[in-house]
Amino acid sequence: MVQQIISQLIVQIFLMGLMFISLKIARGEPLNNFDVFAKWRKIGWFILLAIIMQVCILLGYLLLIVPGIILTCSWFLAPWYIVDQDMKPVQAIKASMAATHGSKAQIFVFGLVSFCIVLVGVCGTCCFGYFVLIPMLFIAKAHIYLALTGETVVSSKTDNETGEGAVAKNPA
């Protein structure tokens, strides 16, 4: 039991690290060796948010599935707010609901497409695709987070004259 709790804490810390690294990549910021552990102090808020989200979304799915889908799409960005802006769980949920207002259908489609990509990638490559697809999907989620929060998103394209990454300002 204690071993499971400790391993779950470690997994959550690495998840927060992957989110933080994905945000830095999406912003075009340089990475360092310890970024994966940069947000470990927020683990309490992160786990509390996960519990709140799991309980409420489960109840939503029990209420004829549609409320669960709506909550899942509305709260999609909440963990990102904890990792990026050091918000508390309720603040992160409220911020996520505000940011995803009017974008729930696109988030739902992104979730479906992501699921299909992972399913095909994992089944088609005997689980090796998982190691490539998951980081890519996290970077895609980081781009969605930045776009919906109105922050600058850095493109991977380079300017032919300077060789630097092109920066696109979100018109939101």
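Every read-out reported here was derived from the displayed coordinates using simple, explicitly stated rules and does not represent laboratory data. Keep in mind that this is a model prediction, so the values were computed, not measured. Cβ sites come from the backbone with ideal geometry, for glycine too, and all protein chains shown count toward neighbours.
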Scan around V153 for amide H atoms under 5 Å from its own, H built in the peptide plane at 1.01 Å from N, and keep only partners 5 or more places away or cross-chain. A168, N170
At a 10 Å Cβ-Cβ cut-off, how would you order R27, R41, fewest neighbours first? R41, R27
Could you bin all the Cα-Cα distances of the range 2-168 into 10 Å bins starting at 0 and give me the percent of pairs in each, rounded to whole numbers? 10, 32, 39, 16, 3, 0
Please compute the length gained on full extension between C123 and A98, using 0.36 nm multiplied by the number of residues separating them and subtracting their Cα-Cα distance. 5.4 nm
Model label zone, K88; criterion: amide N under 18 Å from point 7 Å along Cα-to-beta-carbon; scope the range 28-64: 41-53
Span per principal axis, largest first, for the Cα atoms of the range 43-88 (Å): 33, 16, 9
Positive-end extreme of charge dipole, the range 1-126 - chosen from M1, F37, G102 (charges on Cβ): G102
The range 1-59: chymotrypsin sites (Phe, Trp or Tyr not before Pro) falling in loop per DSSP and having at most 12 other Cβ within 10 Å: F34
